[in-house]
Amino acid sequence: MENKTPSTIVKPSKFSLAPRRGGYYEVSDIMMLAPFKAADEDLKNLEDIDLLYRALCAILYNFVPCSGHPGGSISSGRIAQALLFSTMDYDFFSPDRKENDVISYAAGHKALGLYALWALRNELVVAAGAAGMPADKFQLRLEDLLGFRRNPGTQSPLFAKLGAKALDGHPTPLTPFVPVATGASGVGLGSAVGLAFAAADTYGPGCPRVNILEGEGGLTPGRAAEAMASAATSQLSNVLLHIDWNQASIDSDNVCPENSKPGDYVQWTPAELAYVNDWNVIYVANGHDFFQILTAQRFAYCGIDNQQPTAIVYRTVKGWRYGIEGRASHGSGHEFCSEGYYAALAEFEARFGLRVPRHSGPRTPESVEACFYETLLRVRKAVEDAPAAAKFALRKLDEAGARLAAAGRARLPGAPDPAKAFTLDPAAPPRELELKPGREVRMGETLAFALNHVNKMTGGAVVAASADLYSSTGVSRVGEGFGEGFYNFSSNPRARLYSAGGICEDAMGAIMSGASSFGSHIGVTASYASFLAPLEHIPARLHAIGQQARRAVNGAPANPFIMINAHCGLQTGEDGPTHSDPQPLQLLEGNFPPGSLITLTPWDPQEIWPLLAASLGRRPAVIAPFVPRPPLKLADRAALGLAPAGAAAQGLYQLLVPAHRRGRARGTVVLQGSGAAGIFISEVLPKLREAGLDLNVFYVASRELFELLGEEEKKKIYPERLAQEAMGITDFTLPTMCYWVRSGAGLARTLHPFRNGRYQSSGKAGDVMKEAGLDGAAQLKAVMEYAKTVAAGK
């Protein structure tokens with residue numbers, strides 16, 4: 001009898017997706033419909049513009065030298081040109097208008113194309129004789145392309161003479177019309193979804209649309225799928241995702257399955273990924289055909305009304321007509337001034353009747369730059385000799401501005417405005433946060449109550465997302481008094497809790513940073529510190545970079561987002577070492593430029609308000625509170641002789657007030673973390689007082705807030721001699737103590753979770769603290785031995 005496997009006996013059942021709110025469309029079914037049909041004259045002019053654009057892409061890669069991503073810049077070029085010159089509603093002459101439609105290059109490696117297109121748009125408008133050009137800082141000129149991937153300190157002759165802008169390798173808001181920093185795969189999609197939420201929440205129906213440019217490779221990170229799920233769940237119908245499906249990555253020419261061949265990386269097509277996440281999908285079979293591109297974009301803008309986001313999937317060829325196609329053109333291209341390079345420009349030369357310069361002689365930085373500039377001037381000449389294209393570009397931009405004006409976009413009455421959040425008084429907590437000693441409260445809930453107070457002050461500017469831990473972390477209270485449940489643009493727009501796709505710390509950080517970037521909101525994320533700090537480090541860094549760039553352009557302070565590192569440290573002991581990790585603070589504290597990220601490590605819930613108010617007042621890009629899970633008994637600070645909670649606002653403070661000191665202190669102990677500090681205060685301090693020991697005891701509530709004080713004030717609070725004699729006791733890792741404990745002997749004495757050379761096991765908080773050597777007996781022993789050494793003058 002023939003042996004049969006179960007798979008040959010049991011045939012697969014038929015599977016189909018449940019009905020979606022989104023629809024699937026083929027552009028071939030739309031493009032002959034009159035409302036969406038493109039004009040022949042528009043197509044002709046766009047062909048000329050694209051030829052100029054592709055020439056600039058080849059030139060940029062050739063002269064930078066040999067840097068950037070020409071293939072993807074070219075395959076996505078016509079998509080972006082159609083958006084800028086036909087589809088989007090925006091005011092070219094006012095790049096900073098909040099009402100403008102947005103284009104975000106989530107595929108940040110296509111920056112070469114972004115800069116080429118921005119400079120070409122500027123050149124066309126100038127050639128058409130436009131009046132009232134934007135201020136220089138809001139323009140990207142042809143000359144600025146000399147600064148592609150150059151450092152601002154570059155001293156090459158033409159870069160300096162022409163005042164060229166330094167253009168980063170991936171986009172940042174230093175460039176006009178670029179709202180956020182992108183480049184880390186998947187983060188740009190999430191931050192753009194955040195921008196779309198903020199635009200929708202600020203302007204309501206008819207709000208600015210957010211166009212996202214991405215490739216299929218940029219959809220493979222998990223955070224991209226998380227962001228897509230989030231956008232569809234929240235019905236952000238103002239999101240349009242433009243997918244440049246060219247099938248090529250760095251190492252593959254078959255990223256997705258196609259023509260019955262499995263994909264090298266994933267087994268979905270971009271259309272399938274979008275549709276399964278409940279997006280509208282429009283498939284464009286030829287992503288290099290302007291007729292199809294314009295039809296799809298027009299249909300997406302005004303032909304779909306089911307309140308779902310829309311993805312347009314354009315099948316393209318990476319490196320189209322460049323001479324190098326597929327993965328060979330990803331981050332690579334023709335050799336400097338090679339035959340291949342000049343062949344890529346042959347169509348441009350033939351169409352515009354000119355010849356680009358040929359580099360000759362020794363290849364020096366000066367000669368390369370001179371040839372680069374001469375080549376750019378040939379492009380300028382081509383633009384000047386194509387008046388029809390220039391006039392078309394200006395007319396189209398004027399029409400885009402007129403459509404924007406006709407839309408009458410205005411902030412909703414009572415729209416969120418975070419301004420009052422940045423003027424809070426650290427010394428004046430609201431009545432509901434005047435906590436009475438003796439009560440047990442959860443620090444996470446205290447923080448949420450404080451944020452809810454800010455929310456009510458600011459018309460709902462605080463919006464919170466959590467990794468399926470809204471109640472567990474307490475952040476569900478942030479939205480109290482607003483709409484119940486999760487935000488939905490269509491059905492629940494007043495809710496202040498945002499569904500970020502489930503257990504999705506990665507996308508959550510990107511989305512909330514994007515929401516803050518728009519300027520009307522303070523995005524908040526919350527999850528276990530063990531997961532949040534590492535997974536949101538990348539979106540936090542990109543947000544800090546973006547806000548730094550924005551400040552360089554307009555001088556405005558940063559728009560913060562808050563990442564709540566909840567359930568932090570060993571007090572989450574029952575979950576074991578996978579969840580109660582002491583390392584997260586080390587990933588953030590001191591690892592960002594001064595003032596761009598502020599960590600908060602309160603030991604007492606009464607410190608929450610002064611720390612939150614002080615950090616918001618400093619306007620960093622990121623605020624990162626660390627709060628434990630167990631309820632904490634509120635200390636009677638006055639009765640215990642402790643400094644008032646408001647002292648935490650200076651970042652580092654003397655825990656013991658002078659009235660409770662016997663004389664000159666002998667020795668210094670620095671505490672950080674609610675677990676270690678709580679044990680020290682309740683168990684160790686009374687015994688030290690009984691023994692007559694008088695020590696300097698400092699608490700670290702925020703290293704960054706301390707660092708932002710003036711130099712003289714810092715020296716007065718914590719002089720160097722104390723740092724040289726100090727030992728530490730911390731819930732976190734030893735490196736976080738190195739700023740405060742500056743002697744080898746002091747670091748050797750410092751108590752920290754890894755002192756015993758291992759991760760701790762599971763158990764109740766007290767048991768885990770004991771296992772780590774941070775219990776009361778271990779602390780007392782270490783401090784007594786230290787005090788004896790100090791007394792002996794050793």
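The values are calculated or read from the model by the stated rules, or taken from the named source; none is laboratory data. Quick caveat: nothing in here was measured; it's all calculated off a predicted structure. All Cβ positions, even for glycine, are placed from backbone atoms using ideal geometry, and neighbour counts span all protein chains on display. Calculation scope for accessible area: heavy atoms of the full protein, side chains included, ligands and nucleic acids excluded. Shrake-Rupley method; radii C 1.70, N 1.55, O 1.52, S 1.80 Å.
Worth a mention:
Let's see how each residue does on (1) open to solvent by less than 30 Å² (accessible area, probe 1.4 Å); (2) touching a Leu at 6+ places or on another chain (Cβ under 9 Å); (3) small (G, A, S):
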residue: K687; (1), (2), (3): no, yes, no
residue: E690; (1), (2), (3): no, no, no
residue: T733; (1), (2), (3): yes, yes, no
residue: M769; (1), (2), (3): yes, yes, no
residue: L774; (1), (2), (3): yes, yes, no
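- Failed item in (1) out of contact with any strand residue (DSSP E or B) (no Cβ under 8 Å at 6 or more places or on another chain); (2) hydrophobic (A, V, I, L, M, F, W, C); (3) within 30 Å of N45 (Cα to Cα), with A296 passing the rest: (1)
- Residue that is touching a helix residue (DSSP H, G or I) at 6+ places or on another chain (Cβ under 8 Å), in a helix (DSSP H, G or I) and not β-branched (V, I, T), where the choices are A248, A200, A224, A232: A224
- Scanning the stretch 694-743 for residues that are farther than 18 Å from G595 by Cβ, without any contact (Cβ under 8 Å) to a residue 40 or more places away in the chain and not in a helix (DSSP H, G or I) gives D694, P719, C738, R742, S743.
- Applying the criterion of at least 3 residues that are among the hydroxyl-bearing types (S, T, Y) to the strands (runs of 3 or more DSSP E) found wholly in the stretch 436-536 leaves 522-528.
- Residues that are touching a residue at least 24 places away in the same chain (Cβ under 8 Å) and surrounded by fewer than 19 Cβ atoms within 10 Å (Cβ to Cβ), drawn from the stretch 302-319: C302, G303, I304, N306, Q307
- You will find that of S67, S13, S28, the residue that is under 30 Å from A196 (Cβ atoms), of a type in the set (S, T, Y) and either modelled with pLDDT under 95 or open to solvent by 20 Å² or more (accessible area, probe 1.4 Å) (or both) is S28 and no other.
- Residues being over 17 Å from F698 (Cα atoms) and surrounded by fewer than 17 Cβ atoms within 10 Å (Cβ to Cβ) - total across the stretch 735-754: 5
- Filter result for R97 (touching an Asp or Glu at 6+ places or on another chain (Cβ under 9 Å) and open to solvent by 30 Å² or more (accessible area, probe 1.4 Å)): yes
- Failed item in (1) open to solvent by less than 60 Å² (accessible area, probe 1.4 Å); (2) in a loop (DSSP other than H, G, I, E, B); (3) out of contact with any Leu (no Cβ under 9 Å at 6 or more places or on another chain), with V356 passing the rest: (3)
- All conditions but one from (1) closer than 30 Å to F93 by Cα; (2) in contact with a Pro (Cβ under 8 Å, 6 or more places away or on another chain) apply to A390; the one that does not is (2).
- Residue, modelled with the lowest pLDDT, within the stretch 644-657, restricted to residues that are open to solvent by 10 Å² or more (accessible area, probe 1.4 Å) and either part of a loop (DSSP other than H, G, I, E, B) or more than 17 Å from G444 (Cα to Cα) (or both): V657
- Here the stretch 375-397 is the region considered, the condition is being assigned to a helix (DSSP H, G or I) and open to solvent by 80 Å² or more (accessible area, probe 1.4 Å), and the residue that is nearest to L162 (Cα to Cα) is K381.
- Hits in the stretch 330-345 - residues which are open to solvent by less than 40 Å² (accessible area, probe 1.4 Å) and either within 18 Å of V368 (Cα to Cα) or over 37 Å from the mean Cα position of the chain (by Cα) (or both): G333, H334, F336, C337, S338, G340, Y341, Y342, L345
- Some residue of the stretch 172-193 being modelled with pLDDT of 95 or more, surrounded by fewer than 23 Cβ atoms within 10 Å (Cβ to Cβ) and in a helix (DSSP H, G or I): no
- Pair list, Cβ < 6 Å and 6+ apart or interchain, from the stretch 364-376 residues that are closer than 11 Å to L145 by Cβ to residues that are open to solvent by 10 Å² or more (accessible area, probe 1.4 Å) and part of a helix (DSSP H, G or I): Y373/L158
- Residue that is nearest to G129 (Cα to Cα), among those in the stretch 75-110 that are small (G, A, S) and more than 19 Å from the chain's Cα centre (by Cα): S94
- Residues of the stretch 147-171 that are outside any loop (DSSP other than H, G, I, E, B) and in contact with a strand residue (DSSP E or B) (Cβ under 8 Å, 6 or more places away or on another chain): G147, F148, L167.
- In the stretch 189-234, residue nearest to G414 (Cα to Cα) [restricted to those that are among the acidic types (D, E) and in contact with a strand residue (DSSP E or B) (Cβ under 9 Å, 6 or more places away or on another chain)]: D201
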